[in-house]
Amino acid sequence: MNEKEGLLVRFMKALPLISVTFFPLLGVACKELPAEVEVSETRPLTSHDKDPEVNASSAKQFLPPDVLRQVEESGQKLGDDKSEKQEGGKWTYQLPAQDWKDAGAKMFRELNFTFGEGEKMGEAYLSAVGGGLQANIDRWFRQFANEPKPLDQLDRIDFLGQKGYLIEAVGRFEPGMGRPGKDEQALLGAMIEKGGRLITVKMIGPKAEMTNRREEFLKFVASLQQK
Amino acid sequence: MANATSKPSSNNKTASVPSRILNVLASIQLATFLILALFVLTWFATLEQTVNGLKPMMDKYFNWKQLFFFPEIGRPWQEDGVLIPIKIYFPMLSGFWLCALFTLNLTLGGLIRFRKTPQKLGILLSHFSIVFLMVSAGVTQLTEKRGALQIYEGKVSDAAQDYHHEVIEVSELSEGKVTQVHLIDWELLKDLRNKDRERLFKMKALPFDLKVSNLIENAQLTPEQFVPPQKKEPVLDGFYLKKLPRQKETEAHLGGAEVTVVQKDGSEVTKLLVGSRSLHPATVTFEGKDYLLRMRKKLWPLPFGIQLDEFRVERDPGTRRAAAFESDITRLDDGESEEVLIEMNEPMRREGWTFFQANWGPQNQENPEEYYSVFEVVRNPADQWPLYSLLVSMVGLIGHFVYRLVLFLKKPRKTVHS
């Protein structure tokens, strides 16, 4: 066998190997993607990422500026105008300010919002829980190291068609469950008993911010309806 | 011809099976079949392109993931402007594999087994140039990036947009500025097109996941108040995805989809619409932090910025049609700048990227206040290989013809006696 034939024979011997590696690869390539895929790809920032429009309404996202202008001039409203009724789970409501943002429902929070930014950020959420009125109100006061008050000393507000209890507290907020506490916080809360459960709205944030947002809280509570 | 001088390594009757396979792979008969098959493929491709468009045709005819396909051509005698493809039940071998097999055939028969003598050098060079040409086509098919960069006078851009591939991006924000962009690539989305399918994308570096459904290849985000849905399309926040007709030139397609933000425990937070026609991204607030969500043509970040200094267009007399147009640009690269003129057929080549003057606008105005210029941006390592291949082929063939001519002229001639 000369050198040239040797090379050829070696190549021919490699052909089956090429075949057995090629066809599985082809099979993998043709395989459909699964229903769940993990994604970790990122891209470098470009000039397209400068000055992003944050919190653009659907109308602003999807309509050309001249069409949007015509719609606005005609007084019609489209998309997620925040002054319109919103929906979340079994609740409808009106957001009282533009910077209230939906933070997503989670356990014990059927509605869940944040407001403000950075140091001024606070949260407001609606829960439906078990237990007694007085016990829960006492717990809220204790979270702020305030003396609990009996029900008859609390102010009342309209809440889901009832006269609900208005709870207000100021001080260092200790949320419990191992989460860190915060100084100079304030609480605005509303609570009623309905259908054997307690429906509560709790708004917590920096003291100064909460003073300015008291009307927002009352407006939000007043707008709440059960579907 | 490629294998004209090849010889079987041994007698076929006594040759081993691998040896016989090698003989077939290197044979002139296979070369002939492949050239004929490529001719038929080109013929069908030309017909199919007229109904399905260039890009879908190329994707179908040169798809390495399939061995054969059924061509489609325009229905004969159809009305003008009506594009109704009819399927031809003739199994056509994939162009990718035909070319790959042809390259193998030419390599074995036209290079490895070719009789290498000084007299055959020209032919050998020609064979090599064709193999090189096929390899460059393969490299282009597998690695080329091609997109467009549209830019207004006085503005700077450092990214081109892919013509076809779309992505879904999630941008992290800090104090209103984008700090990181995560993306779901087209390769993970494309099989969801126009099918009742959905996929959950587990976002590794984000506190939530995204579920993409109802992905439509060409969609308009439409207000239900003005254009009510006709096909019970789901409405979200007053808008729905209206399916638009398929275009022949698919770069005109702009997709849309429904995206659901899903907590890591699987519970759904919110559902919204995204679309490449959107002018602004959607904002999603999760655990008190804002994220931008959008669908767009994939961005190719460039290694330098391009500033359009001036755009000029020369029109045909009495018309708005452009006779010629060109752009003065400044290339901005790490504090250094370079002024370049890009004009039709005179691209700028820098750092592996090529910028062709491709288009301009707005074209519907006589004297617009502000022009924009569009460059076709291409990154292809094999960009110049076809040129080199043709040069090698030219040298080989000229050398061979000259050699044959010299032989002919030197050949003793019979004297004709009257």
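I need the full set of residues from the range A:105-119 which are closer than 22 Å to residue A:198 by Cβ and of a type in the set (Gly, Ala, Ser), in order please.
Within the range A:105-119, A:105 is the sole residue that qualifies.
Residues of the range B:330-351 being under 21 Å from the mean Cα position of the chain (by Cα) and open to solvent by less than 70 Å² (accessible area, probe 1.4 Å), which ones?
Result: B:347, B:348, B:350.
Using beta carbons and a limit of 8 Å, which pairs, at least six apart or on different chains, have the first residue in the range B:29-53 and closer than 24 Å to residue B:108 by Cβ and the second one open to solvent by 50 Å² or more (accessible area, probe 1.4 Å)?
Taking only residues 6 or more apart or on different chains, the pairs are B:30/B:24; B:30/B:101; B:31/B:1; B:34/B:101; B:37/B:93; B:41/B:93.
Being crowded, with 19+ Cβ neighbours inside 10 Å, farther than 19 Å from residue B:161 by Cβ and facing chain A (nearest Cβ under 7 Å) is the filter here; which residues of the range B:285-303 pass it?
B:285, B:286, B:290
Quick one: which strands (runs of 3 or more DSSP E) sit completely within the range B:139-215 and have at least 2 residues that are open to solvent by less than 60 Å² (accessible area, probe 1.4 Å) and over 30 Å from residue B:386 (Cα atoms)?
Numbers: elements: B:145-152, B:156-174, B:177-184, B:198-203.
It comes to B:156-174, B:177-184, B:198-203.
Considering only the range B:197-234, state which residues are within 24 Å of residue B:265 (Cα to Cα) and free of Cβ contacts under 8 Å to residues at least 12 places away in the same chain.
B:202, B:204
Check whether at least one residue in the range A:150-158 is open to solvent by less than 50 Å² (accessible area, probe 1.4 Å) and over 22 Å from residue A:215 (Cβ atoms), and report yes or no.
For the range A:150-158, residues open to solvent by less than 50 Å² (accessible area, probe 1.4 Å) and over 22 Å from residue A:215 (Cβ atoms): present.
Among strands (runs of 3 or more DSSP E) lying entirely in the range A:1-118, which contain 2 or more residues that are out of contact with any helix residue (DSSP H, G or I) (no Cβ under 9 Å at 6 or more places or on another chain) and at pLDDT 80 or above? Give the derivation first.
Details: elements: A:36-39, A:85-88, A:91-94, A:111-115.
Once the strands (runs of 3 or more DSSP E) in the range A:1-118 are filtered for at least 2 residues that are out of contact with any helix residue (DSSP H, G or I) (no Cβ under 9 Å at 6 or more places or on another chain) and at pLDDT 80 or above, what remains is A:36-39, A:111-115.
Answer yes if at least one residue in the range B:266-284 is more than 10 Å from chain A (Cβ to nearest Cβ), out of contact with any helix residue (DSSP H, G or I) (no Cβ under 9 Å at 6 or more places or on another chain) and part of a loop (DSSP other than H, G, I, E, B), and no otherwise. Lay out the reasoning, then the answer.
Step one: filter the range B:266-284 for residues more than 10 Å from chain A (Cβ to nearest Cβ), giving B:266, B:271, B:276.
Next cut, out of contact with any helix residue (DSSP H, G or I) (no Cβ under 9 Å at 6 or more places or on another chain) only: B:266, B:271, B:276.
From what is left, the residues that are part of a loop (DSSP other than H, G, I, E, B) are B:266, B:276.
Scanning the range B:266-284 turns up at least one residue that is more than 10 Å from chain A (Cβ to nearest Cβ), out of contact with any helix residue (DSSP H, G or I) (no Cβ under 9 Å at 6 or more places or on another chain) and part of a loop (DSSP other than H, G, I, E, B).
Would you confirm whether or not the range B:229-243 contains a residue that is within 17 Å of residue A:35 (Cα to Cα), not aliphatic (A, V, I, L, M) and not in a loop (DSSP other than H, G, I, E, B)? Show your work before the answer.
Of the residues in the range B:229-243, the ones within 17 Å of residue A:35 (Cα to Cα) are none.
No: zero hits.
The values are calculated or read from the model by the stated rules, or taken from the named source; none is laboratory data. All of these numbers come straight from a predicted model, not from anything done at the bench. Note that we place each Cβ from the backbone using ideal geometry, even for glycine, and neighbour counts take in every protein chain shown. The accessibility values were calculated without ligands, DNA or RNA, using every heavy atom of the protein model including side chains. Shrake-Rupley method; radii C 1.70, N 1.55, O 1.52, S 1.80 Å.
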